[in-house]
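Remarks on the structure that follows.
The values are calculated or read from the model by the stated rules, or taken from the named source; none is laboratory data. Quantities reported herein were computed from a predicted structural model and do not represent experimental measurements. Every residue, glycine as well, gets a Cβ built from its backbone with ideal geometry; the counts of neighbours run over all protein chains shown. Note: areas computed on protein heavy atoms with side chains; ligands, DNA, RNA excluded. Shrake-Rupley method; radii C 1.70, N 1.55, O 1.52, S 1.80 Å.
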Amino acid sequence: VKNELCNTIDHLKVNNYTTFFIFSGVPIEQIKNEYEGFLHTSLLFLNNIREINVKIENPIITYVDTIYDSGEYKQKVVIDSNKKTEWRIYSKNDCSVVFPIVDGKISKLKLEDARIHAFLPTDDNTGLGILVNADFSTDPSRRHLIFDDNTNESIKKISSLYYSLFKKHIVKNDDESKLIIDALLPYFDIRLVHFTNNAYYKQFSICIKELSKSLSSIKLPPYWLNISDYSKMTETINCDCFNIVGFEAFLKFFDCKTESITEILNKVEDSNISIVGCAEIASYC
């Protein structure tokens, strides 16, 4: 075995490899399963690694490349033998919020795919339709977060970046901003977060609640008035977002109140609303 190992190392040295890790007592099937479950997002935050080449039975080659850098965000592509994925990465204060790009558009990750990354992916999810990355503390397996001061500080940084993106795109009336808001929304009703055992969800909700004071001035459309006509009365929010499931509940978490009939009547003369809108207002009065 020693001679075989030395021959392998000599061969690798000839091919310019300089660093070797030798493990013993690990079942080969366990190693195979580990690499077959390799997540391609592992390369998104390892800035000094461009390619990973795993050779067991079937070679697995994964590489990452930055295809666009606007200064505000980077767009990266990750390619392996099975698929190609594209990602938009917003970074600030050593943390990142990441959106998948599908068919050229911002998309929303499934809950089980929305992993928290401590540079490498953990088994904990964000509860949102995005990936997040920061210098979180983890257990020795690097599978789960440890909620110490370092992790809590990282959650604050993530929350600040998240909130700045939410606040920026909630007022922009374009399709991409609506897709970004959809991906940022939690998969759970954040107003009920105190009923969950998930420590990350709880700490995240506390942080964004503290940041959200400026959002409390946003008004919600009354249930009796259609969104199209309500959007003609306000310029403070992209009203198309109210068609996203969970959006209104999320704003209520920030203590946003519903527009009163008095406020609606004060705005209606300056708004070119439809006959239907007029009828809805008259009916409610």
* Structure fact -> Expected unfolding gain across residue 172-residue 252 under the 0.36 nm per residue rule, minus the alpha-carbon gap, is 26.8 nm
* Structure fact -> Sorted by accessible surface (1.4 Å probe, heavy atoms of the protein chains only), largest first, 139, 69 come out as 69, 139
* For the stretch 61-139, which whole percent of the accessible surface, found with a 1.4 angstrom probe, sits on carbon and sulfur atoms? -> 43
* Asked: Taking a probe of 1.4 Å, how large is the accessible area per residue of the stretch 1-65, in Å²?
  -> 84
* Per residue value of the accessible surface for the stretch 130-285 (all protein chains in place, 1.4 Å probe), Å² -> 52
* Asked: How big is the stretch 83-140 by Rg and Dmax over its Cα atoms, in Å?
  -> 11.6, 38
* **Rounded FRET efficiency, nearest 0.05, which uses the C-beta distance separating residue 210 from residue 283 and R0 of 35 Å** => 0.30
* To do: Note down the nm distance, to one decimal, between modelled labels 7 Å out along Cα→Cβ at residue 276 and at residue 234.
  => 1.9
* Structure fact -> Measure of exposure for residue 232: accessible area at 1.4 Å probe, Å² rounded to 10, is 100
* **Theoretical gain in end-to-end length, residue 22 to residue 192 [0.36 nm per residue, Cα-Cα removed]** => 56.3 nm
* Label point 7 Å beyond Cα of residue 4 along Cβ direction - residues of the stretch 30-62 with amide nitrogen under 11 Å -> none
* Asked: What value does the chain have for Rg/Rh, both radii from Cα atoms and Rh as Kirkwood defines it?
  -> 1.11
* Using a 1.4 angstrom probe on heavy atoms only, work out the carbon and sulfur share of the accessible area of the stretch 146-285 in %. => 52
* Asked: Ignoring ligands and nucleic acids, what accessible area does residue 245 show with a 1.4 Å probe (Å², nearest 10)?
  -> 140
* Please find the FRET efficiency linking residue 244 to residue 141, where r is the Cβ-Cβ separation and R0 is fixed at 30 Å, and quote it to the nearest 0.05. => 0.25
* To do: Report the label-to-label distance for residue 262 and residue 112 in nanometres (one decimal), using points 7 Å from each Cα along the Cα→Cβ vector.
  => 5.2
* If the limit is 30 Å between Cα atoms, which of 110/202; 32/156; 83/252; 108/267 go over it? -> 32/156; 83/252; 108/267
* Structure fact -> Heavy-atom accessible area with a 1.4 angstrom probe orders 242, 119, most exposed first, as 119, 242
* Asked: Probe 1.4 Å, all protein chains in place: accessible area of residue 194 in Å², nearest 10?
  -> 110
* What order do 142, 115, 50, 88 take when sorted by accessible area (1.4 Å probe), most exposed first? -> 50, 142, 115, 88
